[in-house]
């Protein structure tokens with residue numbers, strides 16, 4: 001059993017990768033100085049902009065993102081999640097949305113390609129069609145046992161609306177669920193915190209949710225409120241709407257205690273997920 005500080009970083013990424021990498025490093029360094037050992041970057045941390053530009057940048061950006069994560073993890077001696085970046089599939093019209101978890105030594109610990117694509121018409125008039133320029137991943141997200149920390153399950157943004165995915169992660173041993181996101185301002189005000197707390201409560205697991213925040217362009221605004229939530233559903237830290245971080249302790253003994261007090265995972269019907 002152990003305890004450590006986890007940081008859910010909050011950024012306002014743009015269509016300029018170099019600016020985004022610099023902003024991300026600034027927040028990683030600040031989190032590391034505060035003692036964070038697990039640091040999560042949000043979805044789209046390296047690029048938030050026009051789909052056509054993303055497709056053009058993707059071949060080089062995919063390499064840059066993986067290299068950046070390795071460099072940052074080693075430089076600041078943290079376990080680092082890159083919450084989502086574009087990876088070309090070779091057809092010139094679509095990319096994967098990939099997250100990578102990297103250890104302090106720069107070793108790749110886990111990789112996940114987002115399986116749920118955000119194809120939604122919102123009441124505010126905005127339409128999102130991720131499937132037009134993204135390809136869904138083919139594998140369920142992994143759970144990785146990180147030495148000195150805990151067992152971590154990966155996911156990305158829209159996944160949070162699919163509770164069966166998180167039950168799969170917990171059945172696979174996850175104690176902490178990472179949910180990096182670029183949640184829209186319109187849906188976020190009503191659903192973001194509720195969904196995160198639900199995933200924590202029903203799985204008696206910590207939730208670390210890095211987030212995008214603010215205006216990225218005239219057509220896109222993110223909700224913010226990166227959070228750290230404990231297995232009881234208590235919000236331990238909330239980054240608000242400015243760039244920064246939600247930082248709070250993760251206590252693995254607390255996970256076991258809550259799972260004993262509220263043993264719903266033991267009470268699952270054997271025929272259900």
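The values are calculated or read from the model by the stated rules, or taken from the named source; none is laboratory data. These figures come from a predicted structure and were not determined experimentally. Every residue, glycine among them, receives a Cβ derived from its backbone with ideal geometry; neighbour counts consider all protein chains shown.
So the values come out like this:
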quantity: Residue match in the range 35-50 (condition: out of contact with any strand residue (DSSP E or B) (no Cβ under 7 Å at 6 or more places or on another chain), part of a helix (DSSP H, G or I) and either modelled with pLDDT under 95 or closer than 29 Å to residue 150 by Cβ (or both)); calculated: no
quantity: Qualifying residue in the range 251-259 (condition: out of contact with any helix residue (DSSP H, G or I) (no Cβ under 6 Å at 6 or more places or on another chain), closer than 28 Å to residue 187 by Cα and modelled with pLDDT of 95 or more); calculated: no
quantity: Residue under evaluation residue 202, criteria (1) without any contact (Cβ under 8 Å) to a residue 60 or more places away in the chain; (2) on the phi < 0 side of the Ramachandran plot; (3) surrounded by fewer than 21 Cβ atoms within 10 Å (Cβ to Cβ); (4) in contact with a helix residue (DSSP H, G or I) (Cβ under 7 Å, 6 or more places away or on another chain), criterion not met; calculated: (1)
quantity: Test: residue in the range 56-75 that is touching a helix residue (DSSP H, G or I) at 6+ places or on another chain (Cβ under 8 Å), modelled with pLDDT under 95 and either buried (at least 16 other Cβ atoms within 10 Å of the Cβ) or under 19 Å from residue 15 (Cβ atoms) (or both); calculated: yes
quantity: Residue in the range 171-189 that is surrounded by fewer than 19 Cβ atoms within 10 Å (Cβ to Cβ), over 23 Å from residue 269 (Cα atoms), out of contact with any helix residue (DSSP H, G or I) (no Cβ under 9 Å at 6 or more places or on another chain) and modelled with pLDDT of 95 or more present; calculated: yes
